[in-house]
Amino acid sequence: MAALSIPSGLVTLNAAISLYASCAIETHPSGDNRIKLVSRDIKCEESFASFAALVKAKRYRLPLLAEIVKFFQPQGGFTLTTDSEAPAGAGIGGSSAMAVAICAVLDRFTGAGKSKVDWIHISRDAEAIVINVPTGTQDHYPPAFGGAAAIELPPGGEHRVELRVNLDELERRVVVCYTGKPRQHGINNWEVYKAHIGGKRAVQNSLERISDVAQKMRLAFERPDWPEAGRLMREECPFESVICPPFRQRPLTASLKTPGATARWRAKSAARAAADASSCSSSRMLANAWRGPLPRLAGLFYP
């Protein structure tokens with residue numbers, strides 16, 4: 001029997017940034033049962049003669065859209081159109097935000113009456129079907145709720161606790177850095193999971209240290225103690241590199257070492273801290289449209 005040691009007090013910190021995923025539905029005339037799926041950002045679309053035809057299809061050009069449509073089982077014909085302001089594969093939870101946006105629109109369209117937490121779990125499972133590995137939920141909370149929060153992970157299921165942090169002050173200290181190197185973050189997480197339960201000590205030790213940083217970061221944000229938050233981000237960097245090799249990309253490393261900056265910053269936080277000022281409200285759903293903000297932090301400045 002294998003034993004798995006998991007540290008107590010597990011928490012991930014995250015928030016929304018103002019890069020939006022959007023989704024809209026346009027209904028077809030009565031009798032037209034065609035379903036058309038359109039992704040503007042990746043310039044791709046596909047059509048089905050009916051919902052039954054969509055369900056029977058063996059492959060999809062837009063699998064995330066198709067899987068969530070299958071869950072909600074909408075009646076009649078329609079065109080579902082999505083768009084994203086985040087680059088595909090940027091590692092800031094763009095697919096999670098998109099999934100939540102699709103759930104929000106289809107929930108209203110079908111009158112399913114699902115909660116935001118339901119959207120998160122539906123999105124998680126749809127993504128797992130698409131990438132064929134288990135997925136988590138931390139990236140889905142910012143687009144569903146907005147703001148900044150601690151996602152606590154006790155036995156029995158996760159729950160969200162809003163952070164007592166001034167979002168304007170946090171936003172003033174954040175910069176998002178995209179290296180231009182896309183990656184498959186969800187699949188990397190699965191590799192980390194397998195390494196952890198497989199007994200790879202370097203990964204186990206790094207995850208324990210990252211967990212410790214996240215808990216300390218929560219306290220630093222809520223005090224607030226910005227110098228301590230910056231110090232913790234730098235402390236976490238080597239451990240993130242162990243569990244996520246793509247984090248060691250040259251363009252990112254070079255940008256972190258660029259001289260002349262007036263403040264210290266890190267390009268990614270294991271604490272998953274991110275920021276948004278006034279534009280990350282999760283209630284921006286008008287008619288059949290939803291714009292969901294993306295999760296994650298790229299960097300932190302402090303005076």
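Taken together, the values in this text are just the output of simple stated rules run on the coordinates, not laboratory data. Every value quoted in this text rests on a predicted model; they were computed, and no experiment measured them. Positions of Cβ are backbone-derived with ideal geometry, glycine not excepted, and every protein chain shown enters the neighbour counts.
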### Message
Set the bar at 21 Å for Cα to Cα. Now go through K36/K56; K36/K58; K116/K216 and name every pair that lies beyond it.
### Response
K116/K216
### Query
Mind ordering 203-211, 154-162 by average Cβ neighbours within 10 Å, highest first?
203-211, 154-162
### Message
What's the ranking of 229-236, 167-174 by average number of surrounding C-beta atoms within 10 Å, highest first?
### Response
229-236, 167-174
#### Entry: Cα centroid separation - region 135-155 against region 211-227, whole Å
17 Å
### Query
What are the residues whose amide H is under 5 Å from the amide H of D41, where those residues sit 5 or more places off or on another chain and H is modelled from the backbone?
S84
### Query
In Å, what is the Rg of the alpha-carbon atoms in region 1-130, and how long is Dmax?
16.6, 59
